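Engineer: Encoded as structure tokens, here's the structure I'll be asking about.
The values are calculated or read from the model by the stated rules, or taken from the named source; none is laboratory data. The structure presented is a predicted model; accordingly, all values stated were derived computationally and were not measured. Ideal geometry is used to build each Cβ from the backbone, glycine not excepted, and the neighbour counts take in all protein chains shown. Heads up: the accessible areas ignore ligands, DNA and RNA and are worked out on the full protein's heavy atoms, side chains in. Shrake-Rupley method; radii C 1.70, N 1.55, O 1.52, S 1.80 Å.
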Amino acid sequence: MEALLVSAGVVALAEIGDKTQLLAFILAARFKKPWPIIAGILCATLVNHGLAGALGAWITSVLSPEILRWVLGLSFIGMAVWTMIPDKIEEEETQVAKRVGVFTATLVTFFLAEMGDKTQIATVAMAAHYPNPLMVVAGTTIGMLIADVPAVFVGDRLAAKIPMKLVHSIAAAIFAALGIATLLGAGAKLGF
């Protein structure tokens, strides 16, 4: 249960102000069709984070526990730093919806926007850190929905009221704490 809750909380915080949340704002403002956008976010996240979770689980099978501890600890600390850098979204990421429909556009643009994004990298790291990658993927998907569904419904009005720097600082602190705990051997009882 810890894997689910930590993954959901960390990704929900990290997603605030992230380019995929900005994409949700833009798609909602442009198309005013929340349900196909939310369905696209859900499907894209499940596929993207499912692949990331599988990669994280695979990493644990090929790295020794000592190397894995260092890779994970430094990855979490790197995520802490990356979280403090706000994302911007490219206009062309939203243009595809004019050709293929709102659901497909959301599915494709969210999937592509998540490739190499901090929440995908966090999913890989947490799936390698926790013994149950399925719970991590469920948690990161829930975290994405916690951050992005309100963005779809309230759009830019909500974004202006959220203290982004504070939220990013909290997410960065959580990533840093996970990194330090991992480097200090907090996962030793789990085999890494």
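Engineer: So what is the diffusion coefficient of the stretch 17-81 in µm² per second by Stokes-Einstein at 37 °C and 0.692 mPa s, using a Kirkwood Rh over Cα pairs? Don't skip to the answer; put the middle values down first.
Structural biologist: Working: Rh = 14.4 Å.
Calculated translational D: 228 µm²/s.
Engineer: Hey, with R₀ at 22 Å, roughly what FRET efficiency would residue 183 and residue 63 work out to, going by the Cβ-Cβ distance, to 0.05? Numbers along the way, then the final one.
Structural biologist: Details: r = 15 Å, r/R0 = 0.68.
The value I calculate is 0.90.
Engineer: Still on this model: Tell me, what % of the accessible area of the stretch 1-83 is carbon and sulfur with a 1.4 angstrom probe? Kindly include the intermediate steps, with their values, before the conclusion.
Structural biologist: Numbers: 2790 of 3580 Å².
Carbon and sulfur atoms account for 78 percent of the accessible area of the stretch 1-83.
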